[in-house]
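For reference, the structure is listed below as structure tokens.
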Amino acid sequence: MNEKTSTAGPKLGLARAGFSSGFGVLAATLGSAVGLGNIWKFPYLTGANGGAGFLLVYVLATLLVGLPVMMAEISLGRAAKANPISTLQALAPKRQPWWLIGVAGMLAAFLILSFYSEVVAWVFAYVFKAMRGSILSSDPQVTEAAFNALISDPLQSLLWQWGVLVFIGGILLLGVTKGIEAMTKKLMPILFLLLLLLCAVSLSLDKALQGLAFLFQPDFSKITASVVLTAMGLAFFKLSIGMGTMMTYGSYFRDDQNIPLTTVRVMSADLCISMLAGIAIFPAVFTFGFAPAAGPALVFITIPAVFSQIPMGQWLMVVFFVLAAIAATGAMLSLMEVPVVILHERLGLSRPKATLLTIGLLVVLGASCALSNSALADFKLFGMSMFDLFDFVSSNIILPAGGIFIALFVGWVWGVDKFSRSLTNHGQLHNQKLAQAVFFLLRYVSPALILVVMLKGLKFF
Ligand code: TRP
């Protein structure tokens, strides 16, 4: 094992395919970050946690914790050019078990994919529902009934999820560069334009101001410890950090890529898309009488109401859900990449076999989430359905814990020299000051902040 360890990094580095251009790197990293987290999770969590106050904490968590951890992860991946487990083994002193971060990351990937693939399944199903026109209504009762009919039907929930898993598996079998890069590059701008259109429509609605006030006027009394934890968990989930996804993508980064610039761009674009989704949804929520705290259903019941206000709304809604499915696909691919590369490089399975095994495990584990609103509706652990539990444990426990250890690893083991060489590309970029500031955050601020938020949010004190 140890012999293998010390050579794992460099050897794998030669054999790996990488992203072919600087723009490809940005597009693929953005493709991982942007997904249902923006279009589905961000609006529903903002709605359920009181609006603007939640948004404010989310932005702070992104800046203080998210960005530094993202730069750390990408740097580690690029330095070792291997999967997360081998990366941490190669960079850590012998016998220190930092590679366990990679193992936890693989577990998180399975938990996240189990519920995420079900939400993608709803999006796929909505493409067809939209085509039939039956959901195009601004009446909450109509759109809620349509959504409930879908999620409470065990057969539909399962079949759509299997469809999603087969689809994603197929793309992954094509390989890193072609599969991921090509998809994500082209379609993001169209999604962006469509969101802009939705915002314009939503802002023209009667109670648009009420929606905007909900989104931008913080009510500080609503910011409780668990709201802060949820906001921080969302920051990790949104940037795809804390479990090795960005480490894996970092391993495909070119050596001349400007890491801080790339992460800041990805973060800004990602935040921008979330904001657009929020502005598209909340004015409609208040105008048509939806409940802001409707939970995971929120987007699926309000988006049809917005489209019902525009000419050709039915067909634009089809386009919207197709693009949402594509954005979600980019994110899913990056999630799958972690277990697939680990199984491939650590257990010696061929890439196709590793992909098939991952899909097979997800069919089994994912079923528990697909059936959370039907056959398994009464099966609860810690008071939560499997869908909610997997979501809670991954976003609020595993990802932040992963973030703590990644920050500690860079701050106390890897060290300021290597980190600053990584952010400056060996002194070629003028990022020295920035590297030192980020290093300070990683060494002292981020780990402590994450820990306090976690312990308080989980009611340890
Ligand atoms: N960030 C993606 C989204 O917002 C989801 C995602 C992709 C993710 N890879 C991840 C979340 C890794 C956590 C960890 O939809």
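Please treat every number below as a calculation from the coordinates, not as lab data. It should be emphasised that the depicted structure is a prediction, and the values quoted were computed from it without experimental measurement. We place every Cβ from the backbone using ideal geometry, glycine too, and count neighbours over all the protein chains shown.
Hey, rough spin-label estimate for residue 381 and residue 96, points 7 angstrom out along Cα→Cβ, what's it come to in nanometres? Between residue 381 and residue 96, the label points sit 3.2 nm apart. Relative to the current alpha-carbon distance between residue 351 and residue 206, full extension at 0.36 nm per residue lengthens the span by 46.9 nm.
Neighbours of residue 321, meaning other residues whose beta-carbon lies under 15 angstrom from its beta-carbon, give a summed charge of +2 when Lys and Arg score +1 and Asp and Glu score -1. Charged neighbours of residue 391, selected by a Cβ distance under 15 Å, balance to +1 (K, R count +1; D, E count -1). Arranged from fewest to most other beta-carbon atoms within 10 Å of their beta carbon, 199, 369 become 199, 369.
Residue order for 332, 188, 131, fewest other beta carbons within 10 angstrom first, comes to 131, 188, 332. Computed from Cα atoms, the angle from the helix 313-347 axis to the main principal axis of the chain rounds to 30 degrees. Computed from Cα positions, the angle between helix 351-370 and the longest principal axis of the chain comes to roughly 40 degrees.
Based on DSSP H segments of at least four residues, each scored -39500 (n - 2.57), the chain has a per-residue ellipticity at 222 nm of -23000 deg cm²/dmol. Which net charge results when you count Lys and Arg as +1 and Asp and Glu as -1 among the other residues whose beta-carbon is under 11 Å from that of residue 66? Taking every other residue near residue 66 into account, the sum is -1. The range 78-118 and the range 264-294 have their alpha-carbon centroids 32 Å apart. Less than 5 angstrom separates the built amide H of residue 251 from those of 78, all sequence-distant by 5 or more or on a different chain. The ranking of 98, 315 by Cβ neighbour count inside 10 Å, starting from the fewest, reads 315, 98. Full extension of the chain segment joining residue 421 with residue 293 gains 41.5 nm, where the gain is 0.36 nm per residue of separation less the Cα-Cα distance.
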